[in-house]
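Engineer: For reference, the structure I am asking about is given below.
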Amino acid sequence: MIPANTRGPGGVIVRYGDPDATHVLSVYADLRCPFCKRMELALGAVMERAADEGRFAVDHHFGTFIDDAAGGSGSLEALAALGAAADTGQKPFMHFLRALYADQPSEEVDAFADRDTLLRLADEVEALRTDGFRQKVMERTYLPWAAQVSAAFGTSGVRSTPTVLIDRTPVAVINALGYAVTPEAFLAEVTPP
(Lines give C-alpha, C1' and ligand atoms only; values in the text may rest on other atoms or scores of the structure.)
Protein backbone atom coordinates (compact mmCIF):
# COMPACT_ATOMS: atom_id res chain seq x y z
CA MET A 1 0.00 0.00 0.00
CA ILE A 2 1.40 3.39 -1.03
CA PRO A 3 0.37 6.59 0.79
CA ALA A 4 -1.03 9.61 -1.01
CA ASN A 5 1.26 12.60 -1.70
CA THR A 6 4.14 10.39 -2.77
CA ARG A 7 6.01 10.04 -6.05
CA GLY A 8 8.67 7.98 -7.73
CA PRO A 9 8.65 4.20 -8.26
CA GLY A 10 6.76 2.66 -5.34
CA GLY A 11 5.95 6.12 -3.99
CA VAL A 12 9.27 6.30 -2.14
CA ILE A 13 9.46 10.12 -2.14
CA VAL A 14 7.03 12.15 -0.03
CA ARG A 15 6.21 15.45 -1.77
CA TYR A 16 5.18 18.61 0.03
CA GLY A 17 3.98 21.36 -2.26
CA ASP A 18 2.99 21.67 -5.91
CA PRO A 19 3.15 18.31 -7.73
CA ASP A 20 4.29 20.16 -10.87
CA ALA A 21 6.78 22.54 -9.22
CA THR A 22 9.59 23.89 -11.39
CA HIS A 23 12.11 23.84 -8.54
CA VAL A 24 12.52 20.96 -6.08
CA LEU A 25 14.22 20.94 -2.69
CA SER A 26 15.30 17.36 -1.94
CA VAL A 27 15.72 16.58 1.77
CA TYR A 28 17.44 13.35 2.84
CA ALA A 29 16.95 12.53 6.51
CA ASP A 30 16.60 9.84 9.17
CA LEU A 31 13.94 10.40 11.81
CA ARG A 32 16.37 9.37 14.58
CA CYS A 33 19.18 11.66 13.31
CA PRO A 34 19.96 14.47 15.81
CA PHE A 35 21.36 16.76 13.11
CA CYS A 36 18.17 16.28 11.10
CA LYS A 37 16.29 17.40 14.20
CA ARG A 38 18.39 20.57 14.35
CA MET A 39 17.68 21.24 10.68
CA GLU A 40 13.95 20.56 10.96
CA LEU A 41 13.36 22.62 14.09
CA ALA A 42 15.26 25.61 12.66
CA LEU A 43 14.31 25.37 8.98
CA GLY A 44 11.29 23.06 8.63
CA ALA A 45 8.72 25.84 8.92
CA VAL A 46 10.82 27.98 6.55
CA MET A 47 10.80 25.18 3.94
CA GLU A 48 7.06 24.67 4.43
CA ARG A 49 6.30 28.38 4.00
CA ALA A 50 8.52 28.66 0.90
CA ALA A 51 6.76 25.64 -0.62
CA ASP A 52 3.37 27.18 0.24
CA GLU A 53 4.49 30.32 -1.60
CA GLY A 54 5.38 28.23 -4.67
CA ARG A 55 9.14 28.84 -4.54
CA PHE A 56 9.82 25.09 -4.67
CA ALA A 57 8.30 21.77 -3.71
CA VAL A 58 9.98 19.69 -1.01
CA ASP A 59 10.74 16.04 -1.74
CA HIS A 60 11.47 14.02 1.40
CA HIS A 61 13.73 10.96 1.18
CA PHE A 62 14.00 8.95 4.39
CA GLY A 63 16.67 6.52 5.50
CA THR A 64 16.62 4.19 8.51
CA PHE A 65 20.35 3.58 8.93
CA ILE A 66 20.34 4.64 12.59
CA ASP A 67 18.22 1.55 13.31
CA ASP A 68 21.17 -0.50 12.07
CA ALA A 69 23.86 1.64 13.68
CA ALA A 70 22.28 2.17 17.11
CA GLY A 71 19.94 -0.82 17.15
CA GLY A 72 16.18 -0.98 17.13
CA SER A 73 13.43 -0.17 14.65
CA GLY A 74 12.36 3.37 15.59
CA SER A 75 13.32 5.03 12.31
CA LEU A 76 11.34 2.45 10.33
CA GLU A 77 8.32 2.50 12.67
CA ALA A 78 8.22 6.32 12.73
CA LEU A 79 8.51 6.35 8.93
CA ALA A 80 5.56 3.95 8.63
CA ALA A 81 3.49 6.26 10.87
CA LEU A 82 4.62 9.22 8.80
CA GLY A 83 3.33 7.37 5.74
CA ALA A 84 -0.09 7.23 7.37
CA ALA A 85 0.15 10.98 7.97
CA ALA A 86 1.12 11.59 4.31
CA ASP A 87 -1.94 9.58 3.31
CA THR A 88 -4.05 12.00 5.38
CA GLY A 89 -2.64 15.10 3.66
CA GLN A 90 0.39 17.29 3.05
CA LYS A 91 -0.09 19.55 6.10
CA PRO A 92 -0.66 16.67 8.55
CA PHE A 93 2.51 15.04 7.18
CA MET A 94 4.57 18.21 7.72
CA HIS A 95 3.17 18.86 11.17
CA PHE A 96 3.66 15.26 12.31
CA LEU A 97 7.21 15.34 10.95
CA ARG A 98 7.89 18.42 13.07
CA ALA A 99 6.28 16.78 16.13
CA LEU A 100 8.49 13.70 15.73
CA TYR A 101 11.66 15.79 15.57
CA ALA A 102 10.56 18.03 18.46
CA ASP A 103 10.26 14.96 20.72
CA GLN A 104 13.07 12.92 19.18
CA PRO A 105 14.79 10.64 21.72
CA SER A 106 18.56 10.34 21.87
CA GLU A 107 20.01 7.99 19.26
CA GLU A 108 20.58 5.25 21.85
CA VAL A 109 16.90 5.23 22.88
CA ASP A 110 14.53 3.47 20.51
CA ALA A 111 11.36 5.23 21.69
CA PHE A 112 9.93 5.58 18.17
CA ALA A 113 9.64 1.78 17.99
CA ASP A 114 6.70 2.14 20.41
CA ARG A 115 3.50 2.79 18.46
CA ASP A 116 1.85 4.33 21.53
CA THR A 117 4.63 6.95 21.58
CA LEU A 118 4.04 7.67 17.89
CA LEU A 119 0.29 8.05 18.44
CA ARG A 120 0.86 10.36 21.42
CA LEU A 121 2.96 12.63 19.21
CA ALA A 122 0.42 12.40 16.38
CA ASP A 123 -2.25 13.69 18.79
CA GLU A 124 -0.52 17.09 18.49
CA VAL A 125 -1.83 17.22 14.88
CA GLU A 126 -5.59 17.69 14.84
CA ALA A 127 -6.09 16.03 11.43
CA LEU A 128 -4.45 12.84 12.75
CA ARG A 129 -6.82 12.40 15.69
CA THR A 130 -8.89 9.86 13.76
CA ASP A 131 -9.64 6.18 14.14
CA GLY A 132 -8.44 5.58 10.58
CA PHE A 133 -5.00 7.06 11.24
CA ARG A 134 -4.66 5.26 14.59
CA GLN A 135 -5.59 1.96 12.95
CA LYS A 136 -2.97 2.42 10.20
CA VAL A 137 -0.29 3.08 12.82
CA MET A 138 -1.31 0.23 15.13
CA GLU A 139 -1.60 -2.25 12.25
CA ARG A 140 1.67 -1.03 10.69
CA THR A 141 -0.13 -0.54 7.37
CA TYR A 142 2.78 1.34 5.82
CA LEU A 143 5.66 -0.73 7.22
CA PRO A 144 6.33 -2.45 3.84
CA TRP A 145 6.26 0.97 2.16
CA ALA A 146 8.67 2.34 4.79
CA ALA A 147 11.07 -0.53 4.00
CA GLN A 148 10.91 0.42 0.28
CA VAL A 149 11.58 4.07 1.12
CA SER A 150 14.60 3.05 3.20
CA ALA A 151 15.90 0.78 0.43
CA ALA A 152 15.59 3.63 -2.09
CA PHE A 153 17.57 5.88 0.27
CA GLY A 154 20.24 3.18 0.46
CA THR A 155 20.73 3.26 -3.32
CA SER A 156 20.52 7.06 -3.63
CA GLY A 157 24.24 7.68 -3.20
CA VAL A 158 23.58 9.95 -0.21
CA ARG A 159 25.85 8.94 2.66
CA SER A 160 24.96 11.37 5.45
CA THR A 161 21.95 13.17 6.87
CA PRO A 162 20.73 15.75 6.62
CA THR A 163 21.58 16.21 2.96
CA VAL A 164 19.64 18.91 1.11
CA LEU A 165 19.73 19.74 -2.59
CA ILE A 166 17.95 22.45 -4.56
CA ASP A 167 17.52 21.22 -8.14
CA ARG A 168 20.38 18.75 -7.47
CA THR A 169 22.74 21.46 -6.13
CA PRO A 170 23.88 20.92 -2.50
CA VAL A 171 22.56 23.37 0.10
CA ALA A 172 24.28 23.87 3.46
CA VAL A 173 21.77 23.37 6.29
CA ILE A 174 24.20 22.52 9.11
CA ASN A 175 27.16 24.81 9.85
CA ALA A 176 30.71 23.87 10.86
CA LEU A 177 29.71 23.88 14.54
CA GLY A 178 26.97 21.30 13.91
CA TYR A 179 24.00 23.64 14.20
CA ALA A 180 21.42 24.69 11.62
CA VAL A 181 22.20 27.66 9.44
CA THR A 182 19.97 30.71 9.84
CA PRO A 183 16.73 30.91 7.85
CA GLU A 184 18.19 33.93 6.03
CA ALA A 185 21.31 31.99 4.97
CA PHE A 186 19.20 29.03 3.87
CA LEU A 187 16.80 31.16 1.80
CA ALA A 188 19.72 32.96 0.17
CA GLU A 189 21.08 29.59 -0.98
CA VAL A 190 17.80 28.29 -2.41
CA THR A 191 16.61 31.48 -4.09
CA PRO A 192 17.58 31.72 -7.76
CA PRO A 193 19.58 34.89 -8.59
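Engineer: Sort through R38, R55 and tell me the only one that's in contact with a His (Cβ under 8 Å, 6 or more places away or on another chain) and open to solvent by 10 Å² or more (accessible area, probe 1.4 Å).
Structural biologist: Sole residue among the options that is in contact with a His (Cβ under 8 Å, 6 or more places away or on another chain) and open to solvent by 10 Å² or more (accessible area, probe 1.4 Å): R55.
Engineer: Suppose we keep only residues that are surrounded by 18 or more Cβ atoms within 10 Å (Cβ to Cβ) and out of contact with any His (no Cβ under 9 Å at 6 or more places or on another chain) within region 7-23. Which one would you say is farthest from D67 (Cα to Cα)?
Structural biologist: Residue satisfying both the conditions and the ranking: G17.
Engineer: Still on this structure: Looking at region 133-145, is at least one residue of a type in the set (A, V, I, L, M, F, W, C), modelled with pLDDT under 95 and open to solvent by 20 Å² or more (accessible area, probe 1.4 Å)?
Structural biologist: Scanning region 133-145 turns up no residue that is of a type in the set (A, V, I, L, M, F, W, C), modelled with pLDDT under 95 and open to solvent by 20 Å² or more (accessible area, probe 1.4 Å).
Engineer: Name the residue that is modelled with the lowest pLDDT, counting only residues in region 167-193 that are within 20 Å of H23 (Cα to Cα) and open to solvent by less than 20 Å² (accessible area, probe 1.4 Å).
Structural biologist: Looking at residues that are within 20 Å of H23 (Cα to Cα) and open to solvent by less than 20 Å² (accessible area, probe 1.4 Å), I get V190.
Engineer: Separate question: Among the helices (runs of 4 or more DSSP H) confined wholly to region 86-193, which include 1 or more residues that are within 16 Å of the chain's Cα centre (by Cα) and aliphatic (A, V, I, L, M)?
Structural biologist: Output list reads 90-102, 115-122, 143-154.
Engineer: Does T130 satisfy being β-branched (V, I, T), closer than 26 Å to T88 by Cα and exposed (fewer than 15 other Cβ atoms within 10 Å of the Cβ)?
Structural biologist: So T130 passes the test.
Engineer: Being modelled with pLDDT under 95 and either among the hydrophobic types (A, V, I, L, M, F, W, C) or out of contact with any Cys (no Cβ under 6 Å at 6 or more places or on another chain) (or both) narrows it down to one of A78, A84, A113, A69, so name that one.
Structural biologist: Residue meeting the stated conditions: A69.
Engineer: Here's another thing I want to ask about it. I'd like to verify a number: residues in region 71-81 that are touching a Leu at 6+ places or on another chain (Cβ under 8 Å) and either open to solvent by less than 40 Å² (accessible area, probe 1.4 Å) or more than 24 Å from F112 (Cα to Cα) (or both), how many?
Structural biologist: Residues that pass the stated criteria total 7.
Engineer: Return a yes/no flag: does region 49-65 have any residue that is modelled with pLDDT under 95, touching a helix residue (DSSP H, G or I) at 6+ places or on another chain (Cβ under 9 Å) and within 19 Å of V12 (Cα to Cα).
Structural biologist: Checked against the condition, which is being modelled with pLDDT under 95, touching a helix residue (DSSP H, G or I) at 6+ places or on another chain (Cβ under 9 Å) and within 19 Å of V12 (Cα to Cα), region 49-65 yields at least one hit.
Engineer: For residues that are surrounded by 15 or more Cβ atoms within 10 Å (Cβ to Cβ) and among the aliphatic types (A, V, I, L, M), scanning just region 58-70, find the one that is farthest from the chain's Cα centre (by Cα).
Structural biologist: The selected residue is A70.
Engineer: Let me ask something else. Scan region 110-137 and report the pairs whose first residue is touching a residue at least 40 places away in the same chain (Cβ under 8 Å) and whose second residue is among the basic types (K, R) and in a helix (DSSP H, G or I), with Cβ atoms within less than 6 Å and a gap of 6+ or a chain change.
Structural biologist: Between residues of region 110-137 that are touching a residue at least 40 places away in the same chain (Cβ under 8 Å) and residues that are among the basic types (K, R) and in a helix (DSSP H, G or I), the close pairs are V137/R115.
Engineer: Please specify each residue of region 78-105 satisfying the condition of being of a type in the set (A, V, I, L, M, F, W, C), out of contact with any Pro (no Cβ under 9 Å at 6 or more places or on another chain) and in contact (Cβ under 8 Å) with a residue 40 or more places away in the chain.
Structural biologist: Passing the criteria: A78, L79, A81, M94, L97, L100, A102.
Engineer: Quick check on my filter: what residues within region 25-70 are free of Cβ contacts under 8 Å to residues at least 60 places away in the same chain, under 17 Å from F112 (Cβ atoms) and outside any helix (DSSP H, G or I)?
Structural biologist: H60
Engineer: Can you pull out the residues in region 1-57 that are more than 23 Å from A180 (Cβ to Cβ) and in contact with a Pro (Cβ under 9 Å, 6 or more places away or on another chain)?
Structural biologist: M1, N5, R7, G11 - these are the residues of region 1-57 that are more than 23 Å from A180 (Cβ to Cβ) and in contact with a Pro (Cβ under 9 Å, 6 or more places away or on another chain).
The values are calculated or read from the model by the stated rules, or taken from the named source; none is laboratory data. Keep in mind that what you see is a predicted model, and the values were worked out from it rather than measured. Note: ideal-geometry Cβ built from the backbone for every residue, glycine included; neighbour counts use all protein chains shown. Quick note on the areas: whole protein, heavy atoms, side chains included, nothing else; ligands and nucleic acids left out. Shrake-Rupley method; radii C 1.70, N 1.55, O 1.52, S 1.80 Å.
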